[in-house]
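Structure first, then comments.
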Amino acid sequence: CGVFGVGGVADAANFVALGLHALQHRGQEAGGIVSHDAEHGFNSARRFGYVRDNFTKQSLMDTLPGPLAIGHVRYSTSGSKGNTQIRDVQPFFGEFSAGGAAIAHNGNIVNANALRRELIERGSIFQSNSDSECIIHLMARSLQRRVPERMQDALRRVEGAFSIVAMTRTKLIGVRDPLGVRPLVLGRLGEGWVLSSETCALDIIGAEFVREVEPGEMVIVENDVLTSHRPFAPRKPRFCVFEHVYFSRPDSILGGRSVYETRRQIGVELAREAPVEADLVCPVPDSGTPAAIGFSQESGIPYAMGIIRNQYMGRTFIEPTEQIRNMGVRLKLNVNRALIRGKRVVLVDDSVVRGTTSIKIREMILDAGAAEVHFRIASPPTAWPCFYGVDTPDRDKLLAASMSEAEMRDHLGVDSLRFISLDGLYRAVGEAGGRDAESPQYCDACFSGDYPIEPSDRIEQGFEL
Ligand code: 5GP
Ligand code: SF4
Ligand code: MG
């Protein structure tokens, strides 16, 4: 998901809408904005579909006045997956004794089931199926007087990954979990402040990047003044390495590194680790493009657009049902036949998850008369589900959970298949010495099975580490 907030700027919701539009790649199912103004109090609008189809209408934006607003773009990783109801769309908002608050959450709470059971037993009235709603109820029950302290109370009971943008009547609040699994950055817009999942959304509104909200940090903006707080015991951060590989936009800066440059470097590493003789290097667009450029530069094999993407389709994996996803590949990608015929082609993609995309692409490329097809993948084999906010399917649907690299190659029906090594990936994100096995620098659980936060709800449901 993507989160965005603006405080201390007239008609803040208009900037939030633009910010959410720039974060649309992080969630395409639905979006919402909450604002606050002196006359009406809190105002809220939540809609299915793209930001540009909803939050551009003057009649809707007129209902979201005020100098303080937060927003969220959603794709479901928990709650009613594939069957989102409007009540599951964020930001969530509630009135309680300390005054109202609204929150927008990116990440996933791994003990949400247990918290929810406990809260319902004690009388909380839930409105959604979302894990994030627990936070509002925990805040409402806290015995602290002020909202920021209530939020600290609440978040100390929550286990999982969270980058949160929240607001009260007068405050804009940003928090990251102690490991800093999901991104969150801070920007300035004139006298006002901005919080965003990624820097690309600061650019769109002309805000200036200030710094990242740090892992375990809570920032509070009131009357244009920012204060920093440390509600949690300090831990060594474990940022999501997959943000670098796929999730973030290539024009964003993560941890001081250009996402594009990291992805290009992954391609360079891949070309060194897994060279191949071929005539063309083609990306699977758009997610494989920067790595394909790096592969081509390092190998000297010419880069070409062998697959053309229809710009009017979204990201396939974010479509929540299997059926739509299967159709999606053909609706979205087509082979550039004249270019491919008779050629030995290296195809570079960011990841193989279920393998459905790769099989469709191999069929299309061979149909177009390619002589050979070699897959090079810009991440290690995805063998484990993510429980921290990225929608990987259950283990039994992950190709790499049950097959070796050679078995996957045969299953996909390609001439060769190679994934970047975990150390190669770490080098590409700037860790010259590779992965520190004793104390890894990133979360890489979907590749390694090394979960930095115990997924307690899932273990209760029978998941085995
Ligand atoms: P597959 O068809 O192998 O299930 O999906 C792989 C494609 O989905 C890749 O091209 C990639 O761009 C995209 N993808 C990236 N990340 C994820 C993820 O976390 N989950 C899923 N299902 N697909 C992803
Ligand atoms: Fe990122 Fe993978 Fe960790 Fe999930 S499991 S937070 S996708 S690295
Ligand atoms: Mg892709």
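All of the numbers you see were taken from the coordinates with simple rules; none came from a lab. Remember, it's a predicted structure, so these values are computed and weren't measured experimentally. Glycine gets a Cβ as well: all are built from the backbone with ideal geometry, and neighbour counts include every protein chain shown.
Between PHE92 and ILE103, the built amide H atoms are under 5 Å apart, and every one of these is 5 or more places off in sequence or on another chain. Computed from label points 7 Å out along Cα-Cβ, the spacing between ASP436 and LYS397 is 3.6 nm. Each residue of the range 356-362 was assigned a 3J(HN,Hα) from its phi angle through the Karplus curve 6.51 cos²θ - 1.76 cosθ + 1.60 (θ = phi - 60°); the sequence is 4, 4, 4, 5, 4, 5, 4 Hz, with glycine and proline shown as x.
So in the range 263-429, what percent of DSSP beta bridges are antiparallel if you round to the nearest 5? Approximately 15 percent, going by the DSSP bridge assignments.
In a shell of Cβ-Cβ distance under 10 Å around ARG376, excluding ARG376 itself, what net charge do Lys and Arg (+1) and Asp and Glu (-1) give?
Values: positive: ARG418; negative: GLU273, ASP349.
With Lys, Arg at +1 and Asp, Glu at -1, the net is -1.
If you plug the beta carbon distance of ILE120 and ASN336 into 1/(1 + (r/R0)^6) with R0 = 60 Å, you get a FRET efficiency near 0.65. Using the Cβ-Cβ distance between SER258 and ALA233 with R0 set to 25 Å, the FRET efficiency from 1/(1 + (r/R0)^6) comes to roughly 0.20.
The dipole here belongs to the chain: it is taken about the Cα centre, uses +1 on the Cβ of Lys and Arg and -1 on the Cβ of Asp and Glu, and is about 580 debye.
Around the amide H of CYS443, modelled in the peptide plane, lie the amide H atoms of PHE239, CYS240, VAL241, all under 5 Å away and 5 or more residues distant in sequence or on another chain. Amide H contacts under 5 Å for TYR303: VAL281, restricted to partners 5 or more places along the chain or on a different chain, H placed in the peptide plane at 1.01 Å from N. In terms of distances greater than 32 angstrom between alpha carbons, the cross-link table entries LYS171/LYS332; LYS171/LYS236; LYS57/LYS360; LYS57/LYS171 yield LYS171/LYS332; LYS57/LYS360.
Taking all C-alpha pairs of the range 263-429, those more than 25 Å from each other amount to 26 percent. Work out the FRET efficiency for VAL225 and ARG146 from their Cβ-Cβ distance, taking R0 = 22 Å, and round it to the nearest 0.05. Once rounded, the FRET efficiency stands at 0.90. Comparing VAL353, ALA428, ILE301 along the charge dipole axis of the range 263-429, the residue lying farthest to the positive side is ILE301, per the Cβ-charge model.
Just flag the GluC sites (Glu not before Pro) in the range 137-204 sitting in loop per DSSP whose Cβ has no more than 15 other Cβ atoms within 10 Å.
Listed in order of number, the matching sites are GLU191.
Per-residue Karplus couplings for the range 230-246, computed as 6.51 cos²θ - 1.76 cosθ + 1.60 with θ equal to phi - 60°, are listed in order as 10, x, 10, 5, x, 9, 6, x, 9, 5, 5, 5, 6, 4, 5, 6, 9 Hz, Gly and Pro entered as x. Here CYS240, CYS386 are placed in order of increasing Cβ neighbour count within 10 Å, fewest first, which gives CYS386, CYS240. Working from the pairwise distances between different alpha carbons, so that the mean of 1/r is found and then inverted, what is the chain's Kirkwood radius in Å? So the Kirkwood estimate lands at 22.7 Å. Sequentially through the range 163-175, phi angles give Karplus couplings (6.51, -1.76, 1.60; θ = phi - 60°) of 10, 10, 10, 9, 8, 10, 4, 10, 10, 10, 10, x, 9 Hz, Gly and Pro residues having no value and appearing as x. Alpha carbon centre of the range 359-438 versus the range 234-302: separation in Å? Each part's Cα centre sits 13 Å from the other's. The relative contact order of the range 263-429, computed from alpha carbon pairs under 8 Å that lie at least 6 residues apart in sequence, is 24 percent. I want to make sure I understand the PRE zone here: with the label point 7 angstrom from the Cα of GLN85 toward its beta carbon, which residues in the range 122-144 have backbone N atoms less than 11 Å away? Flagged as within label range: 127-130.
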